[in-house]
1. Evaluate the following for PHE334: is it aromatic (Phe, Trp, Tyr), in contact (Cβ under 8 Å) with a residue 12 or more places away in the chain, farther than 30 Å from ALA266 by Cβ and crowded, with 24+ Cβ neighbours inside 10 Å?
2. Looking at LEU67, LEU61, which one is crowded, with 21+ Cβ neighbours inside 10 Å, touching an Asp or Glu at 6+ places or on another chain (Cβ under 6 Å) and not β-branched (Val, Ile, Thr)?
3. Being under 30 Å from LEU251 (Cβ atoms), touching a Ser or Thr at 6+ places or on another chain (Cβ under 6 Å) and surrounded by 16 or more Cβ atoms within 10 Å (Cβ to Cβ) narrows it down to one residue among THR475, THR436; which is it?
4. Residues that are in contact with an Asp or Glu (Cβ under 9 Å, 6 or more places away or on another chain) and within 16 Å of the ligand (Cβ to nearest atom): does region 390-413 have at least one?
5. Assess whether LEU196 counts as being in a loop (DSSP other than H, G, I, E, B) and of a type outside the set (Val, Ile, Thr).
6. Have a look at LEU182, LEU161 and point out the one that is buried (at least 17 other Cβ atoms within 10 Å of the Cβ) and within 14 Å of the ligand (Cβ to nearest atom).
7. Within region 342-351, is even one residue away from the ligand (no atom under 15 Å from the Cβ) and in contact with a strand residue (DSSP E or B) (Cβ under 8 Å, 6 or more places away or on another chain)?
Amino acid sequence: MAPLDVHNQALLDKVHPFKHVNPKPAPMYNLVVVGAGAGGLVTAAQAAKRGAKVALIEKELLGGDCLNIGCVPSKALLACAKHAHMATHSHCKSYGINIKGGDASTSVDFSHVMTRMRKLRAEIASNDSVKRFQGLGVDVFIGCGKFVGPHKVTVNSKIELNCKKACIATGASAFVPPIPGLADVPYRTNQTIFNLTSLPKVRVGVGAGPIGCEMAQAFRRFGSEVHVLEAMPQPLAREDPDAAALLLAALKADGIRFQSGIKFDAIEKTDGGRICCRFTNDGGSHSIACDELLVATGRRANVNGVGLEAAGVKFTRHGVTIDDCLATSNPDIFAVGDVCLREKFTHMAGETGLMVCQNALFGGKETFSSRTIPWVTYTQPEIAHVGCYERDLEGSKFHTFTLKSDHFDRCITDGCGPGFVRIHTRRDTDEILGATIVGDQAGEMISLFTLAMHAKIGAKKVSQMIAPYPTQSETSKYTCNQYNIRSWGGWDGLKKTHTPAMKAALL
Ligand SMILES: Cc1cc2nc3c(=O)[nH]c(=O)nc-3n(C[C@H](O)[C@H](O)[C@H](O)COP(=O)(O)OP(=O)(O)OC[C@H]3O[C@@H](n4cnc5c(N)ncnc54)[C@H](O)[C@@H]3O)c2cc1C
């Protein structure tokens with residue numbers, strides 16, 4: 001954690017206090033939680049609030065990735081990046097706002113951006129602090145947790161904790177691909193990118209997934225020259241291809257340079273102390289020299305060094321193996337969050353934490369498969385998704401309805417760029433199977449479809465929802481109305497049932 005300024009010091013005081021003394025262990029815990037990221041914290045807090053005797057073990061910082069090196073710092077940077085973009089002359093001009101001196105007078109104080117981020121992160125940290133958890137009655141241990149038996153966990157190999165149930169919440173770490181030379185150059189991952197205090201002139205990002213794209217947009221809008229190198233044929237390969245294409249166009253318009261389908265030849269240090277990426281693309285050899293290299297090529301579950309074998313917990317390189325109730329191969333040990341889920345998101349770590357508390361301690365049968373899972377890429381525009389993609393539905397019978405949001409009044413008055421709402425419905429029914437939204441408010445808008453899918457509210461009912469005018473949510477309502485139009489036989493079919501007066505009115 002650097003720099004060690006007043007804000008980071010305040011953060012550490014909350015999530016890894018220097019003077020912390022591990023408590024004397026209780027003879028037996030109802031629940032021991034290993035890892036205090038979003039998943040571990042929610043599990044521990046919920047269990048303690050419901051009266052369980054809980055021990056929580058964290059080897060680094062309470063709050064885990066989300067608070068310290070993930071969601072919170074990245075969203076704080078993106079907020080500044082959005083304002084930086086809005087303040088540029090070309091952007092303001094289209095709204096009739098003149099900045100004296102034009103673009104020349106607009107500059108980003110990167111040092112302030114990072115200080116702001118550290119300040120906000122330290123503020124938010126109160127919720128994840130040792131003090132808060134002690135207040136809830138949780139025994140907080142700082143040290144490395146390791147299973148030494150099916151019901152026994154040690155802290156730093158010294159303190160022994162006995163438990164009836166346990167929860168593995170050790171999260172995931174940045175995956176670093178085996179690129180020739182990478183290990184010999186200084187590079188950053190999400191672990192270290194938020195320690196920067198000066199803006200790199202040229203920044204190369206390896207990987208064009210959500211994290212790679214979010215950080216590319218932020219740094220570009222702060223003023224760096226940004227290149228993104230991606231081995232897959234397309235950036236954002238997991239996303240709906242149309243959504244990915246819209247975002248890619250927006251990122252390119254920001255000035256980010258993408259190279260996809262590349263093969264790295266080598267990464268090496270130059271004589272001038274820079275980092276040179278050499279790669280092949282489209283049959284040609286290319287090289288880019290940069291000041292900072294960010295590796296954002298996915299995440300790998302933290303399964304090593306946790307003593308899973310001693311606990312009788314099965315795992316693969318993708319993570320801890322769980323059943324639908326989040327139990328591992330040891331029925332008294334459960335897992336939550338990134339260490340066991342394909343959906344590596346804070347809201348899923350938290351949700352699985354709630355489920356594990358119920359299942360492990362209160363005989364619950366909460367199932368993962370009963371949940372409807374949304375996610376968002378927080379670029380501008382945002383991409384939000386829930387449920388199935390078109391590719392997931394191949395071989396089954398479904399319909400897809402898409403409506404561009406740019407034609408809606410609110411998007412026009414606000415000057416939003418291109419976007420759309422897309423839903424997939426089971427064929428000949430209005431059951432919504434999946435939704436993708438691209439737009440400035442996509443992350444907020446996706447909750448409507450998440451609830452609709454979870455509560456089994458069909459497209460017909462959503463189309464009857466009254467959306468306030470003018471809001472971007474109107475696009476969601478009218479996308480669902482496309483289902484009605486189709487079931488009425490399309491516009492042509494509609495016209496057939498119309499009276500002559502209505503037909504005339506339609507013309
Ligand atoms: C740059 C970035 C941006 C992101 N943005 C978003 C976002 O906007 N929205 C979103 O939903 N998700 C986002 N994520 C993903 C999100 O951060 C993770 O899904 C979430 O943090 C997972 O929580 P977790 O509790 O499973 O794991 P973690 O947060 O990784 O916590 C695991 C904890 O376990 C500790 N630990 C590991 N091994 C041991 C051990 N043996 N003993 C004791 N402690 C141990 C670790 O130190 C860590 O603190 C982002 C991730 C990154 C990297």
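The values are calculated or read from the model by the stated rules, or taken from the named source; none is laboratory data. In this text the structure is predicted, and so the values were computed from the model without any measurement. Positions of Cβ are generated from backbone atoms using ideal geometry, with glycine treated the same way; all protein chains shown enter the neighbour counts.
1. Here the answer is yes, as PHE334 does meet what is asked.
2. LEU67
3. THR475
4. Looking for residues that are in contact with an Asp or Glu (Cβ under 9 Å, 6 or more places away or on another chain) and within 16 Å of the ligand (Cβ to nearest atom), one finds none in region 390-413, hence no.
5. The answer is yes for LEU196.
6. Just a single option satisfies the conditions, and that option is LEU161.
7. For region 342-351, residues away from the ligand (no atom under 15 Å from the Cβ) and in contact with a strand residue (DSSP E or B) (Cβ under 8 Å, 6 or more places away or on another chain): absent.
For (1) among the β-branched types (Val, Ile, Thr); (2) outside the structural domain of ARG278 (by TED's automatic domain parsing), each residue gets a yes or a no:
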| site | (1), (2) |
| --- | --- |
| SER111 | no, yes |
| SER129 | no, yes |
| VAL138 | yes, yes |
| GLY145 | no, yes |
| THR154 | yes, yes |
| SER157 | no, yes |
| THR170 | yes, yes |
| THR192 | yes, no |
